Structure formats: C-alpha cells, structure tokens
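Colleague: This structure is in structure tokens; I'll ask about it shortly.
The values are calculated or read from the model by the stated rules, or taken from the named source; none is laboratory data. No experiment lies behind these values; they were computed from the predicted model shown. Please note: Cβ atoms are built from the backbone with ideal geometry, for glycine as well, and neighbour counts cover all protein chains shown. Please note that ligands, DNA and RNA were not included when accessible areas were found on the heavy atoms of the full protein model with its side chains. Shrake-Rupley method; radii C 1.70, N 1.55, O 1.52, S 1.80 Å.
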Amino acid sequence: MAPITFEHVTKRFDETTAVDDLTIDVADGELLVLVGPSGCGKTTALRMLAGLEEITEGRILIGDRVVNNVSPGARDVAMVFQSYALYPHMSVYDNLAFGLRNKKLPKQEIDRRVRETAQILGLEELLKRKPKQLSGGQRQRVALGRAIVREPAAFLMDEPLSNLDAALRVQTRAEILKLQKRLGTTTIYVTHDQIEAMTMGDRIAVMSKGVLQQIGTPEELYTHPANVFVATFIGSPSMNVVPAALLGVGGAGQLAGFRPEHVRLGADSGSAAAYDATVEVVEYLGDEQLAHLRLGEIEVVAKLPVEPRLEAGRQQRFSVPLRKVILFDESTSRTVGTAA
Amino acid sequence: MLQTTAVAEPLVPPRAPVEILRRAFLYAVLVAVAAVFFVPFLWTVSTSFKTIPDSVHVNLIPHPWTTQAWHEVWTRFNFGLYFRNSFFLAAVVTGANIVLAGLGGYAFARLRFPGRELLFLLVLGTLMVPDQLRLIPVFVMLTNWHLINGFSGYILINLVTATNLFFMRQYFLTIPKDFEEAAKLDGAGYFKTFSRVMLPLALPAVSALAILQFQGTWNDFFWPLIIFGQGNQDLYTVQLGLASLQFQYTTLWPQLMAGSVIAVLPIVVVFVLFQRYFISGVVSAGVKG
Ligand SMILES: Nc1ncnc2c1ncn2[C@@H]1O[C@H](COP(=O)(O)OP(=O)(O)OP(=O)(O)O)[C@@H](O)[C@H]1O
Ligand SMILES: [Mg+2]
C-alpha cells in the first residue's frame, strides 16, 4: 500500500502527445477513477505507471520511490487488463500462483494465499479449470484474483468491466468497490463510462486529449465543474450549455450551463432565469419525463416530474434557479461562477 | 392445465433423405481419394513380403510369402544402425531448431535492439539462395574445419533454418502482447516470460515445426550424401541405406520396400504424437473481447 504521484508526466508517440503534463496525487488507500472519452490517454497514463510504457517527461512515484527506471515486475503493482490476459495454458490455480512463484515464496505460503483469494472471490470450485472453461464473469474474477493474490502496493485496472453484460457489470462494480475498501489498496481505475466513475471513485480525474481537466470528488465535479468539458461529460443526460444571453444572465461572451434536473415548469420567483421554449419530444420514463425543448436554434433537455404531463408541440415557459446556472467564459470554456 | 399433443413427436427430427444421400456421396468420394493415396503404400508393404522374382509381378498378394527381405534389411544391410543414425540426427536437429528458432523468432518479433530489421532481412535473404548454390561453399567450409565425414558438420549447418526462424517470428507476432505484459507485471524476467508463457502459447507452431523439421531431416538425402555419405557406411542414414539397395543393374525391390516402410514409420509416429497440438485455439481463450 502506498500513495502514487504523477509529476508533470508527459508521453509522446512520434507526433501524438497521448498524455500532456499530467499531475495527480493519489492518496494511500484511495480509489481514483481516471475517466475521459476514447483516445484521451487514460490507458497510456496507466501503462506508464505500470512500467509498460516509457515516460517521455516528468516523474512517477510509488510511495516515495521514483519508478521511472524501475522494471514493471519490481514496481509492486498489479494490473487487471481489459482483455484479462489470463494465461490460457495454465489452470486457474497456476494463473493465481504464477506471480507468487516468481517471487520465490515458499510453497505453503503460495498455497495459502491462492486458496484465500479463491475463497474471497468464490473461485474455489474452479481452481483446476483452464480459462477457456470459464464464463466471462468467472474469467473477470480470476483476473481480479491474480491482482489481489500478490498483495501489491497498488491495483491498476483498465476498463475491467467492459467485457461483461450490463447486469453483471453493475454487480461486479459493487464487488470491486467492496473488495477495494476491505483491502484498502490504492487503486487507479480507468473507464470511459462516467456512471462507473461517479459510483466508484473516491475521487475522479477527468481527462480530455491528454490533458487533465479536473480532479475531485464525484460531488465536486457534479456541482462545481471546472469547465464546459467536465460539465457536459459528467452527468446523464448531460448539462445544457447555451449562450448566457438567451437566459438573460451573465455578461457578454459567456455561456450558461444548467442541468436537466434543475429545470422547472413555469416562471419561478425573481431568483430564477426563465425562458420560453417549444416542447419537441417527450420521453416518458415512468417516474419522470425527459422533455427535449427547442430554444431558438438550440435544443435543451429538461428532466421533470411526470405531473403535469407535457405535450409535444406546445410552447411553454420554463425556469432554472439562478444558483443552479453555471457561467462559462466562451473563449476559454472555463467556469466563471454561478448566475446567482 | 397444459395442453398436450396426442402423438408424441420425436424430440429431434431425423435428417432429411437428401441430406443422407449427400453425406453418402461425400463419404464415397473421401474413401475413394483415401484409397488412391493408400494403394501405393499397400503395394510397398506387399512387395516387402515378396521374393525377388515375384517382386516384378503386379499381384497384390505376395506368392509366396516371405519375411526374408525384412530379415536381410535388418542384418545384411544394417538398417538398425541406419535407423538409429537417422533418428539421432532428426532428433538433434529438430530439438536445436525448436530452441533456437523459438528464441530467435521471439527476439525478432518482440525484443527491440539496434539492427533488428537489417538482421531479419539477412535471415530472409538466405531463403533466396538455393541449396545447389550453397553446396560448394558449404562443402569447402566444412572441409577446412575438418567437419566432413561426420555428423557434427551436418548438425552445424542445420542448427536453425531461416524458414523456422521466420515461421516462429510470424507466430509470435500473432500472440497478443497482453500475455507478456501480464507476465512482466507478475515479475517474470525475459527468459521466464519466454519459457513459461510465450513458448507454451506458441505450442501449435512448435508442434508444426517439430513435425516438419523432423520429417525434413529424416527424409534428407542430399546433404547427408555430400557431408558423410561417401565413405564410412556406419554413418549412413536410412535414406542413404535405401539408395544403397539400388545397384547399377539391379534393384532389390523387396528389401528396398521393407526399408521404405521402416523409413516411413517414425514420421507416422511423430505426426500422431503432435497432431493434436496442431489444433490451435489454445491461444484465443485467455484473451476475451
Ligand atoms: N503505441 C502507440 N503508438 C502511437 N500512438 C499511440 C500508442 N498508444 C496510444 N497511442 C495514442 O495515444 C492516444 C491515447 O491513447 P490511449 O490508449 O491512452 O487512450 P484511452 O484513453 O485509453 O482510450 P480508450 O478509451 O479508447 O481505451 C491515442 O491518440 C492513441 O492513438
Ligand atoms: Mg484505453
């Protein structure tokens, strides 16, 4: 167990800069989620930490040791691959034991740890099987087990759930979380799924195009996004961003952002921004309704209680409390403050 | 109440008659083709049990039966020794090729070192040079090193072939990198990663290489003849032994055929032993997605 530090880490592949001046501190025992759209450099950052990719500039520390020039095997980190990468010719037992044998641990110790890990993950019955005789979910657990059994300083997970179906993903998500809390091992978890990020992360680091956009708790990112990218990336359906003038708030050259769930039907008191919009489509979700509204040329989404039911084609007045409206600078995309 | 049908339908409907006919036809063709390939072999076996006068006739059943050819091949013509010589050479050359082409192919596929591409081009380049062209230089070289008239010269020039190197490299390139990276993180060094992870994953390729190389060396006539085939008969391989059964004016057909059956057997054994590893798909299971 150890804290992890990225200090101004940059990775260049020929022309592309995959990771640009990344600085992150991960506390001991923390689960940090690295999230961002495809190609933003999440995997590259993780692989540099694992030692599978050279670091172009900057330093990475595990504990207080600079690991830039330490071989992957000596970094004491365990990685769960998206593909699982279970050794196909070895039984589950041998898959789990491989890393321990390389450490030259005594036989009984290896056996004890493998059985303990198998018990934690419910793999006892499967120890003699080969990976191809396992279901997708079981393979996933073996991949986790291979990381746990080594009792490393940190777990690195690269989209470990992306090969599972939706139901299993939700269940495994909770299991990983429980396991991580129980073991208290520092974990960096990569995903492109913001819901996964929100539900799992102690803190979340949002990346875009190799650059860290913001790092904070799920709540901080949700309520105080640093810029338009984070504001629209976190949350589903995503935040509406419109020219501030449309709502009659802010100054020139500013954008106003508000979340669909903060939209109210009808004009509120003086502390709200109100606007008229045409209801285009209504998605009925049972407990609430998603209304797609047209505001001039701009489409915004509102998440409203089912009552009263909205009708498509009608012109309606909507409002958003001013303290829920976030203002962004149009040229830099950075957050300026709230409209309140 | 659930509704039940009066007449119980069979659980699995039988094959349609057309399908049965199609299959019958398919099997008939397969049997015919198999027979075409098998008859010459049968002929070989049959002739080996014939007498010399009978051997020029086209009857498939020997008349009279005799095991004399077999007996002679083993005693007078010393095929037991030739067999051991051939086996020794084939085993050593195959073993060396598995180890060296495995290591070399892995290096060419995965390790980064300066001059790798150039070196690999050189290896490929040797594939363009026909054996006949190499004959004299190799012979002169081995003579200068006093490696002629013995097995060591033959083994030396066959330690690893460019074809095998190329073959293993190509196979290693198809194995996903994740396995190696997982092994690295599991604390395995280069050699352990190779021997415990990559080589086992390359088992289908290794088996193919083993079969083909064993067969190639076993059947090799040209280079054994050049390097150690002219003097000491104790160095003869099975192939050289077979050739020695053909004289200028006569050929001892039954003996030649008995020798041929002996020559074929190890190949059959090797193939049966290794063929199940030919079936790949071992690799695909570990990586999902
Ligand atoms: N080995 C490589 N050589 C050249 N460019 C690379 C290499 N690996 C990654 N890149 C580039 O670096 C950038 C970041 O890639 P990376 O794999 O880290 O993205 P990612 O955030 O993990 O995306 P995804 O969610 O799709 O997995 C991409 O533009 C990619 O094309
Ligand atoms: Mg990735």
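Colleague: Treating segment B:62-172 as a set of equal point scatterers at the Cα positions, no solvent, please give the Debye-formula log₁₀ I(q)/I(0) at q = 0.20, 0.21 Å⁻¹.
Modeller: Debye output, listed in q order: -1.12, -1.17.
Colleague: Average projected area of the Cα convex hull of chain B, in nm²?
Modeller: Values: hull surface 111.9 nm².
Projected over every direction and averaged, the Cα hull of chain B covers 28.0 nm².
Colleague: Leaving out ligands and nucleic acids, note down the accessible area per residue over chain A with a 1.4 angstrom probe, in whole Å².
Modeller: Details: 14910 Å² over 340 residues.
Roughly 44 Å² per residue, with all protein chains present.
Colleague: Quick one: grab the alpha carbon gyration tensor of segment A:37-107, order the square roots of its eigenvalues as a ≥ b ≥ c, and give me rounded if a/c is under 1.5, else prolate or oblate depending on whether a/b is larger than b/c.
Modeller: Judged from the Cα gyration tensor, segment A:37-107 comes out oblate (a/c at least 1.5, b/c at or above a/b).
Colleague: Considering only protein heavy atoms, with the full assembly of protein chains and a 1.4 angstrom probe, order B:Asp186, A:Asp165 by accessible area, largest first.
Modeller: On the way: B:Asp186 10, A:Asp165 95 Å².
Putting B:Asp186, A:Asp165 in descending order of accessible area: A:Asp165, B:Asp186.
Colleague: Oh, and also: Please list the three semi-axes, largest first and in whole Å, of the ellipsoid equivalent to segment A:207-284, using sqrt of 5 times the eigenvalues of its alpha carbon gyration tensor.
Modeller: Semi-axis lengths for segment A:207-284 are 25, 16, 12 Å.
Colleague: How big is D for chain A, in µm² s⁻¹ as a whole number, if Stokes-Einstein is applied with the Kirkwood radius of its Cα pairs at 37 °C and 0.692 mPa s?
Modeller: Working: Rh = 22.4 Å.
D, rounded to a whole number, is 147 µm²/s.
Colleague: Could you run the numbers on buried accessible area between A and B, total for both chains, 1.4 angstrom probe, in Å² to the nearest 100? Mind dumping the intermediate values first?
Modeller: On the way: alone 16010 and 18280 Å², together 32050 Å².
Buried area (both sides, nearest 100 Å²): 2200 Å².
Colleague: Scaled to the compact-protein estimate 2.2 N^0.38 Å, what is the alpha-carbon radius of gyration of segment A:1-51, rounded to two decimal places?
Modeller: Numbers: Rg = 11.5 Å, N = 51, 2.2 N^0.38 = 9.8 Å.
Here the Cα radius of gyration is 1.17 times the empirical estimate.
Colleague: Right, another one. Leaving out ligands, DNA and RNA but keeping every protein chain, what accessible area does B:Phe25 have, in Å² rounded to the nearest 10, with a 1.4 Å probe?
Modeller: Rounded to the nearest 10, that gives 140 Å².
Colleague: Mind putting together the pair-distance distribution for the protein assembly as shown? All Cα pairs, 20 Å bins, whole percent per bin, short to long.
Modeller: 14, 31, 28, 18, 8, 2, 0
Colleague: Give the ranking of A:Arg139, A:Arg264, A:Arg203 by solvent-accessible surface, highest area first, calculated with a 1.4 Å probe. Mind showing how you got there, number by number?
Modeller: On the way: A:Arg139 30, A:Arg264 105, A:Arg203 65 Å².
Putting A:Arg139, A:Arg264, A:Arg203 in descending order of accessible area: A:Arg264, A:Arg203, A:Arg139.
Colleague: Using only the Cα atoms of segment A:1-147, what do you get for the radius of gyration and for Dmax, in Å?
Modeller: 17.3, 51
Colleague: P(r) for segment A:132-262: what percent of alpha-carbon pairs falls in each 5 Å bin, starting at zero?
Modeller: 2, 9, 17, 18, 16, 13, 9, 6, 5, 3, 2, 1, 0
Colleague: While we're here: Would you work out what percent of the accessible area of segment A:4-232, with all protein chains in place, is carbon or sulfur (probe 1.4 Å)? Mind showing how you got there, number by number?
Modeller: Numbers: 4520 of 9390 Å².
The computed percentage sits at 48.
Colleague: Across the residues of A:96-106, average count of Cβ atoms on other protein chains within 10 Å?
Modeller: Neighbouring Cβ atoms belonging to other protein chains average 3 per residue here.
Colleague: Could you state the orientation-averaged shadow area of the convex hull built on the Cα atoms of segment B:9-108, in nm² to one decimal?
Modeller: Values: hull surface 59.8 nm².
Seen from a random direction, the Cα hull of segment B:9-108 projects 15.0 nm² on average.
Colleague: Past 29 Å, Cα to Cα: identify those pairs from A:Lys42/A:Lys324; A:Lys178/A:Lys209; A:Lys132/B:Lys177; A:Lys42/A:Lys303, in the order given.
Modeller: Numbers: A:Lys42/A:Lys324 31 Å; A:Lys178/A:Lys209 32 Å; A:Lys132/B:Lys177 18 Å; A:Lys42/A:Lys303 31 Å.
Too far apart for the 29 Å limit: A:Lys42/A:Lys324; A:Lys178/A:Lys209; A:Lys42/A:Lys303.
Colleague: Three principal axis extents, largest first, for the C-alpha atoms of segment B:92-235, in Å?
Modeller: Ordered largest first, segment B:92-235 gives principal extents of 56, 31, 22 Å.
Colleague: In the full protein assembly as shown, how much of A:Asp287 is accessible to a 1.4 Å probe, in Å² to the nearest 10?
Modeller: About 110 Å², ignoring ligands and nucleic acids.
Colleague: Here is a follow-up. Using alpha carbon coordinates only, what is the Rg to Rh ratio of segment B:18-68, with Rh defined as the Kirkwood radius? Please report the intermediate quantities before stating the final value.
Modeller: Details: Rg = 16.5 Å, Rh = 12.9 Å.
Rounded to two decimals, Rg/Rh equals 1.28.
Colleague: May I pose another question? With no solvent and one point per C-alpha, what does the Debye sum give as log10 I(q)/I(0) for segment A:240-338 at q = 0.13, 0.14, 0.21 Å⁻¹?
Modeller: -0.43, -0.49, -1.03
Colleague: A further question on this structure: For B:Ile175, tell me the accessible area in Å² from a 1.4 Å probe, rounded to the nearest 10.
Modeller: Surface open to solvent at B:Ile175 totals about 0 Å².
Colleague: Please identify, among B:Leu100, B:Leu26, B:Leu89, the residue showing maximal mean-square fluctuation in a Gaussian network model of chain B using a 10 angstrom Cα cutoff.
Modeller: B:Leu26
Colleague: Can you give the translational diffusion coefficient of segment B:181-283 in µm²/s, computed by Stokes-Einstein from the Kirkwood radius over Cα pairs at 37 °C and 0.692 mPa s?
Modeller: 195
Colleague: Can you list which of the DSSP-assigned H helices in chain B have a Cα extent of 15 Å or more along the long axis and an average Kyte-Doolittle score of at least -1.0? Before the final figure, lay out the partial values.
Modeller: Values: long enough: B:17-48 (45 Å, 1.51); B:79-110 (45 Å, 1.09); B:116-126 (16 Å, 1.54); B:131-144 (19 Å, 0.84); B:162-174 (19 Å, 0.42); B:203-219 (23 Å, 0.79); B:253-278 (37 Å, 1.59).
Taking the DSSP H segments of chain B (at least 15 Å long, mean hydropathy at least -1.0), we get B:17-48, B:79-110, B:116-126, B:131-144, B:162-174, B:203-219, B:253-278.
Colleague: Take peptide A:71-79, look around each residue's Cβ out to 10 angstrom, count Cβ atoms belonging to other protein chains, and average those counts.
Modeller: Details: counts 4, 8, 9, 1, 3, 2, 1, 3, 6.
For this peptide, the per-residue mean of nearby foreign Cβ atoms is 4.
Colleague: Between beta-carbons, use under 13 Å as the cut-off and find the net charge around A:Arg259, counting Lys and Arg +1, Asp and Glu -1. Kindly include the intermediate steps, with their values, before the conclusion.
Modeller: Details: positive: A:Arg264, A:Lys303, A:Arg323, A:Lys324; negative: A:Glu261.
The answer is +3.
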